[in-house]
1. Relative to the present Cα-Cα distance, how much length would full extension add between THR190 and LEU104 at 0.36 nm per residue of separation?
2. What whole-number volume per residue, in cubic angstrom, does the convex hull of the C-alpha atoms of the range 236-372 give?
3. Take the Cα of GLU397, step 7 Å along the line toward its Cβ, and report every residue of the range 212-256 whose backbone nitrogen sits under 20 Å from that point.
4. In whole angstrom, how long is each semi-axis of the equivalent ellipsoid of the range 452-513, when you take the square root of 5 times every eigenvalue of its Cα gyration tensor and sort them from largest down?
5. Go ahead and run the numbers for FRET between ASN290 and GLU123, Cβ-Cβ distance against an R0 of 25 Å, rounding to 0.05.
6. At 0.36 nm per residue, minus the direct Cα-Cα distance, what do ASP53 and VAL705 gain on full extension? Give it in nm, one decimal, please.
7. Which of the lysines could be linked to LYS725 by a straight reach, that is with a Cα gap under 30 Å, when you skip same-chain ones fewer than 8 residues away?
8. Kindly work out what percent of the DSSP beta bridges joining two residues of the chain are antiparallel, to the nearest 5.
Amino acid sequence: MLVSTSLPVPLYKTFDYKVPTGIQLPKIGCRVQVPFGRQTLVGLVIAYTNVEDCQIPDNKLKTITTIIDKTPIVDEKWLKLASWLSNYYHYPLGDVIGVMLPTLIREGKPIHVASPHWRILPEILSSQTKNNTAPPQISARAYKQIEHYKSLCVFGENGIDETQLNKHNLTKAYLQKLADKQIAERFLQTPAEPKQAKIIESPLSLNDEQSLAVTTIVKAQNKTSYQGFLLNGVTGSGKTEVYLQAMQPVLKNNQQVLILVPEIGLTPQTQARFANRFEANILLLHSGLNNRERLAGWQHCRDGQAQIIIGTRSTLLYPFKNLGLIIVDEAHDASYKQQDTLRYHAADVALYRGLQQNIPVILGTATPSLEHIKLVQDGKLTELALSKRAGAAKPPEFYLVNACNKNTTYIQQANGQAVDSGLTNEVVNAMRKHLQAGEQVLVFINRRGYAPILLCHACGWQADCPRCDNHLTVHQSQLNTQQPSYLKCHHCDWQSYIPTSCPTCGSHNLDAIGMGTTRLTENLHALFANPQTTKQTYPIIQIDRDTTRQKGSWQKIYQTINTGEPAILVGTQMIAKGHHFPNVTLVVMPTADRGFLSADFRSPERTAQLIMQVAGRAGRGEKTGKVLIQTLQPDNPLLLELVKNGYQPFAQTLLNERQMLGLPPFAFAGVIRCEAKNHQQTIAVLNEAKSLLPAHHQLTVLGPVDAAMKKKNNRYQSQLLLLSKNRQQLHTVLNTWWLTVKNLPTAKYVRLTLDIDPVVW
Ligand code: ADP
Ligand code: ZN
Ligand code: ZN
C-alpha cells in the first residue's frame, strides 16, 4: 500500500509515497513528512493507494521521511469538507488544507493533548503563610520574582496555561527562576471534560415572533437533521435573544455552538452577551491572535473543550468534536467572503457544514442578501421573520433632507472665511436638539481620512497614486491641526507629503475636496465643541480604522458611549454593525445615498443594507429614534422606496431587476482574473483561455475586460466573466477547462485566479 498525501503546493493532485518496511501505515488524517524535490514538506494522509494503481514507476516512488502523528489530527468529515471546498472552488486540495489548518500544525509542530501549565509546587502552596510572603529562597530585592510568585499563587493547584502567561503579565524567564529554586513547576495538564454549560441569567420572555423562531429551530435540532434558517429580523428585533435560547438545548446536550461574526463585530459587547447568559467555556477567535493562541483555539474546538465558539470567517474551517448549531450573525456582511487564496463564502460553507453534520444553521440579519432571499423563495431556507423591535423599542423614523447648497451650515473661520460644514441647517439643529435632551447622535460617513481628493483649482490636477488607478486620500496626522499633512493610497498604502504647489502648473491653489471622518470630526468640533463659540460643548468620538487600530481602543470607545452621556459619534461602517447603544436617538447620514449612483449593479443592494444597518442604531432604547438622510436627489426612486417601504420590498424590486437581466442570484458566476506587470499580456492570456472553452458550452462569456481598478500596486488586472443559469453547467465546464488554462505555457508569466460566486466584478 502507498499513502496518498495532500501537500502545500499549487497542484491539482495528491502525491503517493511508500512507507518504510516494517513500519505501520500512518492513519488517514495523520501528518507525515515527505521528500518533495529538494525540500521536505509536511503533508496530510488522505487515502491509501494500491501500488498497482499508482502511475509512478516503483523506482521513482519516494518514501515517507517521518510519521508525525500517531492518531489522526482531523476526522473524515473534516477531510470531506476539504475536498468539497477544493471541488466547489476549484482550488488545489493541498492549498485548501493549507488554508484550513493553523500555521503551527501546517509546519508540523506536535499536537499536545496535554498543555503545558505553570504552578507553585503544591507543598509550597499548602504551607504558604497567611500573610502571603514569598518563601526565603527569593531575595527580598528580587521584586519581579516576588511579583511572579504572588501572581502564580492565585492560580492555585491547577496553575495557569502557558499560552495565557502574557495576559497576566507573567514571563517564562522569571517563572523558570522560581522553578530553579524549587518553588514553581512547569507541568503537563490534560484538560478535564468541560462541565456542562450552565444558564446564569434568566432568559427574557419572548414575544410571539421570537418564540415561534426558537421553537422552530429547536424542533429541527430534535430531528438531528439539517435545516437552514434565515432569521430575518429588523434591527433591534432581538435576534441575539433567539440565538441564546436556541443554543440552550444544544449546550444541554453537550454539543458545541459556533457563532460566526463579521470581523468588526467581535467586540467585548458581543462576547459579554453570551458570557452573561452562560457559564461555559467560551472561545473567541479573531485575527488578533498569535500562532500559539490560534493553535490552542483550534485544539479546543477539535477536542470539545470549547463549548461556545465566537469567531470570524476562518473559524468555520476548524474541526469540531460535536457541533450542534451554527449561527452566522449579520449574514449579509461582505467580510464573510474571502477575497484571496481560497475564495469561499462563509455563509455558503456554513450551510454545507450543517448539511454534512445534520444540524441546523441560522443565518441572522436585518438586511438579507438577495442570494439568501432567493434561497427562501426556492424553498432551500426557512424564513423566520421578526418584524417588530423587541421590548418597548419603536422602529426609527426616516426623513430625507435636501442637501442643496442653500441649506448648508457654514463655519466661520478665524481668517474670516466661511467653510461648508457638509451638514445642512436642519441636520445641525436636530443634532443640537437631541444633544440638549441628553441623548447621543451618530453621524455616519463611509470614508476615513480627511478628504478623498486633493485638487488644483488652477488646472484640475488631482493627486493620484503612482501605483494604482486611485486618488490619494488626504490625511491629517492629528486632529485639529490646521493643515492636512500627508497623502495616502487606501489600496497599496503608498504615502507622500502634500505638495506645496501643483506639480503640473505650479499654482498654490490646492484644495482638499470632499469629506472623510477626520474632516467631519473637525467640522463637528467647530460646531459643537468649541468653547469660544458655543455655551454647551459635547464630546466627539471618531470611530474608524485609524482611531481603533491600537489594542484596547475599541474598549475605551465603548466605555465612553456606554456611559450614555450626550456625545456625537462619527464613524465609518464600523459603527453600523450590530452595536446596541440605547441612548443613540438620532442617526445622520450626510452622504450615504451616493451608492445609488454607482455603476456597479450590486451597489444599490449594498447601499440599502448599509443605510438600514446604520439607521438601525437609532432608538434602540426607550426613546424613538430618528434618521436623517441628506441627499442631493430627494426624489431618487430607489431611495424613496427604501425609506417609505423598508428593506424587504426594496430588495424584491432589486431581485426582479436581477431576474430580468439574468444576473446573480438568477445566474451563477465565475470570474477569472489575470494580473501582470504588462496590461496587454493580461488580455492576451484571457483571450487565449476564452478560445479554449469547449464548443457548445452554453455559458454567457463576458470579456476579457479591465478590472474595475485596472492598475493596482503597479500591476494590471483584467477579467473574464462566465455566467450560467445552471450551477452544474458552470462547474462542468470549469472542471476540465480551468486546469487546461492553468497549465497554459503563457499562464506562467501572469497570475491567474478563479473566483466562484464572486461578489465584485
Ligand atoms: P438585533 O440583534 O435583532 O438588532 P438585539 O438582539 O441587539 O437586536 O436586541 C435589542 C434589544 O432588545 C436588546 O437590548 C435586547 O436585550 C432586547 N430584547 C430582546 N428580546 C427581548 C424581549 N423578548 N423582551 C424584551 N427585550 C428584549
Ligand atoms: Zn495645477
Ligand atoms: Zn496605490
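The values are calculated or read from the model by the stated rules, or taken from the named source; none is laboratory data. Keep in mind the model is a prediction, meaning the values are calculated, not measured. With ideal geometry, Cβ positions are generated from the backbone for all residues, glycine too; neighbour counts draw on all protein chains shown. The protein model used for the area step is the full one, side chains on, heavy atoms only, and it has no ligands, DNA or RNA in it. Shrake-Rupley method; radii C 1.70, N 1.55, O 1.52, S 1.80 Å.
1. 29.0 nm
2. Expressed per residue, the convex hull around the Cα atoms of the range 236-372 is 111 Å³.
3. Zone members listed by number: 235-236.
4. 17, 16, 9
5. 0.15
6. So the chain would gain 230.3 nm between ASP53 and VAL705.
7. Partners within reach: LYS13, LYS80, LYS337, LYS374, LYS380, LYS690, LYS710, LYS742.
8. Close to 55 percent.
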